[in-house]
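Visitor: Structure in structure tokens, see below.
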Amino acid sequence: MLRARDAMDVTYAEPLDIAKLAAIASTSEAHFIRTFRATFGETPHRYLQRRRVERGMYLLRRTDRSVTNVCFDVGFASLGTFSRTFHDIVGETPGEYRARGQLPPVPTCFAMAWIRPSSFGEASPRKVG
């Protein structure tokens, strides 16, 4: 399961390929999905969405790329899906998130722990910035 999750972390911008990930984990597709959820607390699809949103959060704060370009850069196929998923996970729209500006100067490990979206699909109650 860890190898499959690591593969998802590396290829987050590519379409989700359950068959390939199940092969990495040496399981059937159905068993992979069940075991992944039991192990990590979310489905592979939701994990991938969260990883994409995390990367999008970074790009929105650190670059001047448009929200649309960030959406495609992190692997979403439509701006609507990106915006809806971003709002579900982060608790605000990509534009609202970007408007709050750069993160305060703190050690990266603290910043990453503080802004990491919830893994349970709930909007994060804390807002940084």
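No value in this document is a laboratory result; all are computed from the given coordinates. All values reported here derive from a predicted model rather than from experimental measurement. Neighbour counts are summed over all protein chains in view; Cβ atoms, including those assigned to glycine, are modelled from backbone coordinates with ideal geometry.
Visitor: Hey, what does the equivalent ellipsoid look like for the range 47-115, semi-axes from the Cα gyration tensor as sqrt of 5 times each eigenvalue, largest first, whole Å?
Guide: For the range 47-115, the semi-axes come out at 19, 13, 11 Å.
Visitor: Follow-up question, since we're still on this one. With +1 on the Cβ of every Lys and Arg and -1 on the Cβ of every Asp and Glu, and nothing else charged, how large is the dipole of the range 2-44 about its Cα centre, in debye rounded to the nearest 20? List each step's numbers first, then the result.
Guide: Working: 5 positive and 6 negative charges, 36 e Å.
Dipole magnitude for the range 2-44 comes out near 180 debye.
Visitor: Among ALA19, ALA7, LEU48, whose Cα sits farthest toward the positive end of the charge dipole of the range 1-70 (+1 at Cβ of Lys/Arg, -1 at Cβ of Asp/Glu, about the Cα centre)?
Guide: My answer, from the dipole projection, is LEU48.
Visitor: Around THR43, what is the net charge, scoring Lys/Arg as +1 and Asp/Glu as -1 over all other residues with Cβ under 11 Å from its Cβ?
Guide: So the environment of THR43 carries a net charge of +3.
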